[in-house]
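Each value in this text was obtained by applying a stated rule to the coordinates, not by laboratory testing. Being a predicted model, the structure only gives us computed values, none of them experimental. Heads up, the Cβs are rebuilt from the backbone with ideal geometry, glycines too, and the neighbour counts pull from every protein chain shown.
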């Protein structure tokens with residue numbers, strides 16, 4: 001963990017009560033920043049930030065950022081992380097997902113413009129869709145089904161990127177775009193439908209692990225502390241093009257299920273279920289840009305990260 005020169009900065013984090021948002025708020029406070037967390041709690045939870053509520057410099061506002069967004073006083077940085085972020089969420093909240101990616105991004109960029117603040121957009125590896133280039137560099141334009149069930153999230157983030165660059169070019173707003181690959185760690189919702197919390201919950205409860213398809217599809221999993229480090233290094237850098245942050249170690253879903261059973265210490269076995277529509281076949285970040293521009297690389301290996309996550313999950317399940 002490196003000191004990032006954020007002491008005394010005033011930072012707005014939309015989606016601040018979510019999994020990633022809450023970890024960002026905590027790290028920013030540790031860096032000496034003042035933090036205003038904004039969240040409508042559609043998928044976030046005050047439980048993620050209750051340990052921050054008594055800390056100096058932290059303020060939580062329950063608010064929907066698709067409405068007019070105003071924050072009194074000076075603002076140095078805006079981190080726009082408000083969005084449903086798991087398939088189960090954006091399948092249940094398709095219109096809200098599109099609105100927060102479009103209207104919410106518009107309102108957050110408007111706040112950045114009015115305050116003269118630096119704006120960082122949380123984009124996603126999902127902008128690459130079911131990729132035909134592997135691993136995925138930032139120069140790849142993606143392979144997305146715009147009308148499929150996952151399209152509400154993919155296209156919301158692609159639009160958010162386009163709007164961010166429009167504000168950068170037309171209004172001179174100082175912007176950063178991070179493309180986040182699969183991330184895991186404490187405070188993941190155990191019922192959010194993603195592979196890591198689902199497999200951990202099932203293993204702890206002695207249920208067979210449900211793997212989609214034949215389990216040969218791949219993901220690349222980054223521990224949350226590594227991700228936060230990369231995001232904040234991007235925030236304070238001079239790099240303005242999109243930047244992948246994720247762990248380039250690729251593994252199959254079957255390998256993940258087997259590893260989680262080993263970490264939990266229970267082996268209830270695996271059940272194979274049909275693949276969801278437009279489920280990506282592969283996912284692996286090309287992190288050359290992050291390594292070159294930010295001096296960043298992940299430091300927590302999968303086994304260590306899963307051990308930390310399982311220890312936390314045992315307090316939840």
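Here are some residues: 232, 306, 251. Which one is surrounded by 22 or more Cβ atoms within 10 Å (Cβ to Cβ), touching a strand residue (DSSP E or B) at 6+ places or on another chain (Cβ under 8 Å), under 26 Å from residue 18 (Cβ atoms) and in contact (Cβ under 8 Å) with a residue 24 or more places away in the chain? Give the steps one after another, and end with the answer.
On the way: 232 fails: touching a strand residue (DSSP E or B) at 6+ places or on another chain (Cβ under 8 Å); 251 fails: surrounded by 22 or more Cβ atoms within 10 Å (Cβ to Cβ).
Exactly one of 232, 306, 251 is surrounded by 22 or more Cβ atoms within 10 Å (Cβ to Cβ), touching a strand residue (DSSP E or B) at 6+ places or on another chain (Cβ under 8 Å), under 26 Å from residue 18 (Cβ atoms) and in contact (Cβ under 8 Å) with a residue 24 or more places away in the chain, namely 306.
Condition test on residue 158, is it in a loop (DSSP other than H, G, I, E, B) and under 21 Å from the mean Cα position of the chain (by Cα)? Give the steps one after another, and end with the answer.
Details: in a loop (DSSP other than H, G, I, E, B): no; under 21 Å from the mean Cα position of the chain (by Cα): yes.
No; evaluated as a whole, the condition is false for this residue.
Among the residues of the stretch 277-302, which ones are in contact (Cβ under 8 Å) with a residue 60 or more places away in the chain, surrounded by 15 or more Cβ atoms within 10 Å (Cβ to Cβ) and assigned to a loop (DSSP other than H, G, I, E, B)? Walk me through how you get there before you give the answer.
Filtering the stretch 277-302 for residues in contact (Cβ under 8 Å) with a residue 60 or more places away in the chain gives 277-286, 288-290, 294-296, 298-300, 302.
Within this subset, residues satisfying the condition of being surrounded by 15 or more Cβ atoms within 10 Å (Cβ to Cβ) are 278, 280, 282-286, 289-290, 294, 296, 298, 300, 302.
Scanning the stretch 277-302 gives 278, 280, 282, 283, 284, 286, 296, 298, 300.
Can you tell me which residues in the stretch 100-111 are in contact with a strand residue (DSSP E or B) (Cβ under 7 Å, 6 or more places away or on another chain) and surrounded by fewer than 24 Cβ atoms within 10 Å (Cβ to Cβ)?
111
Name every residue in the stretch 254-278 that is under 25 Å from residue 141 (Cα atoms) and out of contact with any strand residue (DSSP E or B) (no Cβ under 6 Å at 6 or more places or on another chain), in order of residue number. Give the steps one after another, and end with the answer.
Filtering the stretch 254-278 down to residues under 25 Å from residue 141 (Cα atoms) leaves 275-278.
Passing the criteria: 276, 277, 278.
For residue 262, work out the one condition from (1) outside any helix (DSSP H, G or I); (2) more than 30 Å from residue 164 (Cβ to Cβ); (3) out of contact with any helix residue (DSSP H, G or I) (no Cβ under 6 Å at 6 or more places or on another chain) it doesn't fulfil.
Result: residue 262 fails condition (1) only.
Within the stretch 106-155, count every residue that is within 14 Å of residue 85 (Cα to Cα) and over 19 Å from the mean Cα position of the chain (by Cα).
1
Being in contact (Cβ under 8 Å) with a residue 24 or more places away in the chain and in a loop (DSSP other than H, G, I, E, B) is the filter here; which residues of the stretch 166-190 pass it?
Across the stretch 166-190, the qualifying residues are 173, 174, 181, 182, 185, 186, 187, 188, 189, 190.
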